[in-house]
Amino acid sequence: MRLLITGAYGFLGAHIANYLKAQGHDIVGAGRDVVYGRKRFPDFEWLACDFNHDTDISDWLPRLEGIDAVINCVGILQGTARDRAKAVHVDAPKTLFAASQKAGIKRVIQISALGAGSEAGTIYASSKASGDAALSELDLEWVILRPSLVIARDVFGGTALVRNLAAIPFVTPLIAGEQRFQPVHVDDLSEVINRLLVPGASSKVTLNIVGPGEMTLAEIVRAYRTWLRFPKTAEIAIPRVLVNIAARLGDAAGWLGARYALRTTALKQMDIPIVAPVEPMIEATGVHPRTLEYALRAEPAELQDRWHARLGLLKPVARAILALFWIVSGLVLLDPVSFSYAAGVLVQMGMPVDWAAPLTTASGIVDVILGTLLLMRWRVRDVILAQLAVSAFYIVVLSISLPGLWLDALGVLTKVIPIMVFSLMVLAIEDDR
């Protein structure tokens, strides 16, 4: 079959698309960043779409030409300055579903979430439920899948946080450790979809996609810690007031473009059990899901898994420290005493007195701007590369004009080298996917 998969380079979408491709289906991926999509899956056909704006049937009908079935994998945990939950979960999907009906596409599969509805009291849950309802009202072969916590060899969002918590040495902090889940492997979810694409498969049904047994969050973290071959540690429950503060900070970072799993929506969703009977899924599809322990044993952790687990929580800290270093450096340079010293150094280098003060001011402002942009996570790679370029410029110019600074007791130039290496390491681990 020729399948249109929206969000085909996201965590779920990528796994589902790749699995179905291996089963012989032709994949047409749709997403906002088709350049990234083509880099990741060059053998897929790619179409550009934006669920924040594509809310007219005419936006979708051309994309549906020659398509046999549609699988919608687009979703966001919480709205940001760039993404609106109602548009992403309701408006655009509703239009896509209506266009599918108009185009004569009978089979539409919606990837929703276990917990969609009003019980959690979040925009995420209510908007997901509204999108599901819009599909269920149409006269086509629709299927709504509501998975619990989806696990895979790679991680993203909540599963990344679980792995990071499991890597903390000496003590394991737990956030709502008694929250219950039924982890389901992404390949089991993908096989469910594969079987639902067979002619005559179940339709006009809502299926909860869950693993065979309930686990608390604490048990899941322990399972990952064992998988990563980290020693056992004491476990402590983080006070809810501190968790709430961290979630609020996560919300603020989200508006700046950062992707943090710990946000207020995530906490509210975790306050309700993410569990359901597994038998209806097995009866409808014949798929018997594997346990978390079995899935982890099937793919033993390697060195890169241990590195990722350890670096996950250090990454935002390292980025923030680097940003603050540049901001403070710029502010210190603009301090009257430091300003006079720096301008004097420029004069010693042979620079006209009239130029020294403006150039010193500009250097301090540039440092503050670069640090602020990094703190806001605006085009992180470009900002760090600019910081490296500025640092290299300082080293070259000062080495030529004032080579004696290499022997300065305060290490004016020598300290720049480790900062540049630190910047390269922050740059190296910046990827979220």
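The values are calculated or read from the model by the stated rules, or taken from the named source; none is laboratory data. For clarity, every value in this text was computed on a predicted model and none was experimentally measured. Quick reminder, even Gly has a Cβ in these numbers, built from the backbone with ideal geometry, and neighbours come from all protein chains shown.
A few remarks follow.
- Qualifying residue in region 82-101 (condition: among the acidic types (D, E) and over 26 Å from D432 (Cβ atoms)): no
- Every condition in (1) surrounded by fewer than 20 Cβ atoms within 10 Å (Cβ to Cβ); (2) touching a residue at least 12 places away in the same chain (Cβ under 8 Å); (3) among the hydrophobic types (A, V, I, L, M, F, W, C) is met by V35 except one, and the failing one is (2).
- For region 101-121, the criterion of being in a helix (DSSP H, G or I) and in contact with a Gly (Cβ under 8 Å, 6 or more places away or on another chain) is satisfied by no residue at all.
- Meets criteria (more than 19 Å from G104 (Cβ to Cβ), in the same structural domain as E141 (by TED's automatic domain parsing) and of a type in the set (A, V, I, L, M)) for A48: yes
- Every residue from region 197-221 that is at pLDDT below 95 and either within 26 Å of the chain's Cα centre (by Cα) or outside the structural domain of T172 (by TED's automatic domain parsing) (or both): E214, M215, T216, L217, A218, E219, I220, V221
- Among (1) within 24 Å of L189 (Cα to Cα); (2) basic (K, R); (3) surrounded by fewer than 16 Cβ atoms within 10 Å (Cβ to Cβ) - the single one K21 does not satisfy: (3)
- Residue count for region 306-324, restricted to those that are surrounded by 19 or more Cβ atoms within 10 Å (Cβ to Cβ), of a type outside the set (G, A, S) and at pLDDT 95 or above: 1
- Test for L424: is it closer than 26 Å to V317 by Cβ, exposed (fewer than 14 other Cβ atoms within 10 Å of the Cβ), in the same structural domain as S329 (by TED's automatic domain parsing) and touching a residue at least 24 places away in the same chain (Cβ under 8 Å): yes
- S136 vs. criteria in contact (Cβ under 8 Å) with a residue 12 or more places away in the chain and either buried (at least 20 other Cβ atoms within 10 Å of the Cβ) or not assigned by TED's automatic domain parsing to the domain that holds V278 (or both): no
- Of A125, A85, A129, A98, all but one fail to be at pLDDT 95 or above and out of contact with any strand residue (DSSP E or B) (no Cβ under 7 Å at 6 or more places or on another chain); the exception is A98.
- Residues satisfying the stated conditions in region 163-175, i.e. under 21 Å from the mean Cα position of the chain (by Cα) and more than 17 Å from T226 (Cβ to Cβ): I175
- Matching residues in region 187-218 - criterion: being buried (at least 18 other Cβ atoms within 10 Å of the Cβ) and assigned to a helix (DSSP H, G or I): D187, D188, L189, S190, E191, V192, I193, N194, L196, L217, A218
- Test for R319: is it in a helix (DSSP H, G or I), under 30 Å from S391 (Cβ atoms), touching a helix residue (DSSP H, G or I) at 6+ places or on another chain (Cβ under 6 Å) and among the basic types (K, R): yes
- Some residue of region 397-420 being of a type in the set (G, A, S), surrounded by 13 or more Cβ atoms within 10 Å (Cβ to Cβ), closer than 30 Å to A253 by Cβ and not assigned by TED's automatic domain parsing to the domain that holds D251: no
- L374 being closer than 18 Å to P418 by Cα, touching a residue at least 12 places away in the same chain (Cβ under 8 Å) and either surrounded by fewer than 13 Cβ atoms within 10 Å (Cβ to Cβ) or not basic (K, R) (or both): no
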